[in-house]
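A quick write-up on the structure given underneath.
The values are calculated or read from the model by the stated rules, or taken from the named source; none is laboratory data. Since this is a predicted model, take the numbers as computed values, not measurements. Please note: Cβ atoms are built from the backbone with ideal geometry, for glycine as well, and neighbour counts cover all protein chains shown.
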Amino acid sequence: MFKKSMIFVLLIILCFSSVASSAKTVVRFQDWHMTEDVWLKCLKEVKADYEKLHPEVEIRFEPVAHKDKSNKFIIASEAKNAPDVVHCEIQDIPPYIAKGYLLNLNDLIEKEDKNFLDQWADGPKQICNYYGQMRAMPDNAQSIVLFYNPRLFKQAGLDPNKPPTTWEEFREYAKKLTNGKDQWGFGMVANKSASLISRFFPILWSFGGDIFNEDMTKSKLDSPESIEAFEFFVDLYIKDGVTPPAPNEMSAQDVRTYFSQEKVAMQFGSGFTISIVDQLNPSLKAPEVLKCAPLPVGKNKVTFSQMDFWGISANTKVKEEAWEFVKYLTSKEVQTKFFIDNGVTSARIDVGESELIKNNKFGNVISEQIPYGKAMPMFIGMNEVNDAIIIATQEALTKQKTPEAALKDASAKVNSIIARYK
């Protein structure tokens, strides 16, 4: 009886030892793209391929809505329970670094080849660099461009090979492309999201306006140039009627849906646009039918630099495993897949300047406009500044305030935000 009991105990011990030895290291991964069908499919494939290469690791997805991603990461970081790998936008980087949420990657990078960082473009690398410490790794580098529907151009008597090149011409095109019933010239993204910011800032800068003065010690939103740009943007709906109703409620996905249904003729977007539109309405055959062009030009030729980054939580307990996954996400293979599947152009030089992108009618235009791109200001309170501009846009579009009054009030808020961070 005693021998049988001992054998039973030994079997239990061996069983538990086997389970313990086969337990996988979990790397928690937060990305807003997991809430988007096209991107989710791509990321699932990346996860599966990575886990085949690293059978001892489990990549655990933590989906988050785009509008909630920053707050969720901040709250989790304060609780020292943040996901190990986090996808960041450019405006996330300054507050994440200032609050110590992102791991210093220097010791990990030093273990790589001495030319490891030379694979990425200088601009994105500089944004990750905090007093000589790399706190994130570059992901994509894109520019906002004008997407349009040549079929609707032809129906309106416009040459599909001659998209608008000035903002006044853009307004006139939009009027001709609007029938007042079920087709509009321009899809305006103006809901309470950062997608509004990336689409309004190019107009602001093109008109000669800006958010801050040169050293970011004072708002320039109340300048004549900034007000002129804001009035132009708001008037596309208020006076010209060239956007679908209630643009203050229109998300980027709403606009892409209208665009896919050929109810909107022009919209602003970047590499991700076509794959999403194609998924929304495959019968449109978006990759073949649609075209893109540089944004119209005002006083300045400028666009918005859309850049994302990969960070590792400063509180991660799986530092090495998280780094290996980030290296995989930024590898030539995966960055090329991101372009093929989703159209995003990479900050990796060997991908961003590849023949694959140069020979693609969308990738070529987007990459050619990158030199004219202006990045989100690296101000620690930029998310608060963006919120002030979003509120002003909402107030102007719903006629609670005139565009001038709304933007001047936003400018005053921005000056208060600046004062708090001095």
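What the table shows:
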| item | result |
| --- | --- |
| Check on Ser275, surrounded by 18 or more Cβ atoms within 10 Å (Cβ to Cβ) and in contact (Cβ under 8 Å) with a residue 60 or more places away in the chain | yes |
| Elements of type helices (runs of 4 or more DSSP H) contained in the range 330-385, each with 1 or more residues being closer than 20 Å to Ile276 by Cβ | 332-342, 355-358, 361-369 |
| Qualifying residue in the range 71-90 (condition: under 27 Å from Val344 (Cα atoms), among the acidic types (Asp, Glu), in contact (Cβ under 8 Å) with a residue 12 or more places away in the chain and in contact with a Leu (Cβ under 8 Å, 6 or more places away or on another chain)) | no |
| Where Glu333 falls short, out of the listed (1) more than 22 Å from Lys47 (Cα to Cα); (2) surrounded by fewer than 18 Cβ atoms within 10 Å (Cβ to Cβ); (3) assigned by TED's automatic domain parsing to the domain that holds Tyr96; (4) of a type outside the set (Ser, Thr, Tyr) | (1) |
| Matching residues in the range 217-246 - criterion: being buried (at least 19 other Cβ atoms within 10 Å of the Cβ) and either modelled with pLDDT under 95 or in a loop (DSSP other than H, G, I, E, B) (or both) | Leu221, Val242, Thr243, Pro244 |
| The range 305-325, residues that are of a type in the set (A, V, I, L, M) and surrounded by 23 or more Cβ atoms within 10 Å (Cβ to Cβ) | Met307, Ile312, Ala322 |
| Residues satisfying the stated conditions in the range 386-404, i.e. outside any helix (DSSP H, G or I) and charged (D, E, K, R) | Lys399, Lys401 |
| Search result, residues across the range 255-308 that are under 16 Å from the mean Cα position of the chain (by Cα) and part of a loop (DSSP other than H, G, I, E, B) | Ser270, Gly271 |
| Any pair with Cβ under 8 angstrom, 6 or more apart, that starts in the range 149-163 at a residue that is surrounded by fewer than 16 Cβ atoms within 10 Å (Cβ to Cβ) and ends at one that is among the β-branched types (Val, Ile, Thr) | Arg151/Val289 |
| Residues of the range 212-259 classified as of a type in the set (Gly, Ala, Ser), closer than 13 Å to Phe186 by Cα and in contact with a helix residue (DSSP H, G or I) (Cβ under 7 Å, 6 or more places away or on another chain), total | 1 |
| Residues that are free of Cβ contacts under 8 Å to residues at least 24 places away in the same chain and surrounded by fewer than 16 Cβ atoms within 10 Å (Cβ to Cβ), drawn from the range 173-184 | Asn179, Lys181 |
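Residues are listed down the side, and each one gets a yes or a no for (1) modelled with pLDDT of 95 or more; (2) among the aliphatic types (A, V, I, L, M):
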residue: Lys4; (1), (2): no, no
residue: Leu10; (1), (2): no, yes
residue: Leu14; (1), (2): no, yes
residue: Ser18; (1), (2): no, no
residue: Ala23; (1), (2): no, yes
residue: Arg28; (1), (2): yes, no
residue: Met34; (1), (2): yes, yes
residue: Glu45; (1), (2): yes, no
residue: Tyr50; (1), (2): yes, no
